[in-house]
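**Q** I am attaching a structure below and will ask some questions about it afterwards.
The values are calculated or read from the model by the stated rules, or taken from the named source; none is laboratory data. Since the model is a prediction, treat every value here as computed from it, not as a measurement. Ideal geometry is used to build each Cβ from the backbone, glycine not excepted, and the neighbour counts take in all protein chains shown.
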Amino acid sequence: MTRGRRLSGPRQMGELMGATLGTARIARGIERARAILMWPQAVGPEIARITRPRTQQGGTLFVEVRDSATAHHLSMQRHHFMKALNALIPEKPISEIRFSVGTVRGPEAAVPTPAPLPAPDRARARQLVEGVQSERSPELKGAALRAAEAITRARRWREEQGWRPCPVCGEASREQPCRACLLTLDDPNVRRAARLLQRWPERLPELRGTLGDSGAGAARHLALQQLAGQLDLLALECVRSGQEDGYREFLAQQADVFMALTRRCTRAELRRVDRALLPDSARNVLNAGQP
């Protein structure tokens, strides 16, 4: 009996360990495949139609497309796809998406040809390919436009699911601001840039060179939030002090900064009609007694 228990013990433990390890391997495999499985839901049916997520290595997702022009254009938009994908799998976020030419089913084998985009969406798609040069290759512009239309349909699809534009980057998102922009807003460099813009809104273009478009947009968003609060307080002080010149002059200066940042222009380019962009309290005080 003793010998039998000794012989059966290791066998039972080995079987148990094998089952445990097998379960763990399956779990890890499912975890690695989550981004691949969630890709169609994250990007929408139009992007899913022209792409095939192939594999994931660490935080990098490898996606195949049919041609190099589409790969290039989707690569330029990959941060939008990462936002949507990471909103669905926040516990295992994707840090990079790499597009390459591979085997993707033709549109006739996957999904019926989509209906033409409405005019506003066609304009959005054309904006995405404004910088694409068609002189080098006649096919490049057409391929880039098709990819841009797929991107636009994906955005429209997310909006139809109830996602609203992020107040910072403008991309449709469940969260407001979106998860990626929340991280950007917490960046100390972005916060310092926001304080800079509160004094010199004309320096917004140069921030794109140091912080990128997303960082500059986040700094602008923070600066506008802080300026809006200041304008409300200054407007209240103007009312309390009976439109005392010092408060009103400072209110007018801060209002110019707010309007310039909102329009992304210089203070010299502001017009009287731009006061419509101001919070109600500041606009009413500045317009009081004016012709």
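**Q** Taking the stretch 250-268 as the region of interest, how many residues are of a type in the set (Phe, Trp, Tyr) and either in the same structural domain as PRO167 (by TED's automatic domain parsing) or at pLDDT below 95 (or both)?
**A** The qualifying residues number 1.
**Q** Every residue in the stretch 255-291 that is β-branched (Val, Ile, Thr) and either touching a residue at least 60 places away in the same chain (Cβ under 8 Å) or in contact with a Pro (Cβ under 7 Å, 6 or more places away or on another chain) (or both), please.
**A** Those that are β-branched (Val, Ile, Thr) and either touching a residue at least 60 places away in the same chain (Cβ under 8 Å) or in contact with a Pro (Cβ under 7 Å, 6 or more places away or on another chain) (or both): VAL257, THR266.
**Q** Among what's in the stretch 168-215 and is touching a residue at least 60 places away in the same chain (Cβ under 8 Å) and acidic (Asp, Glu), pick the residue that is farthest from GLY44 (Cα to Cα).
**A** Selected residue: GLU202.
**Q** Next question, about the same structure. On the basis of being surrounded by 13 or more Cβ atoms within 10 Å (Cβ to Cβ), of a type in the set (Lys, Arg), at pLDDT 90 or above and in a helix (DSSP H, G or I), does ARG220 make the cut?
**A** Values: surrounded by 13 or more Cβ atoms within 10 Å (Cβ to Cβ): yes; of a type in the set (Lys, Arg): yes; at pLDDT 90 or above: yes; in a helix (DSSP H, G or I): yes.
So ARG220 fits the description; yes.
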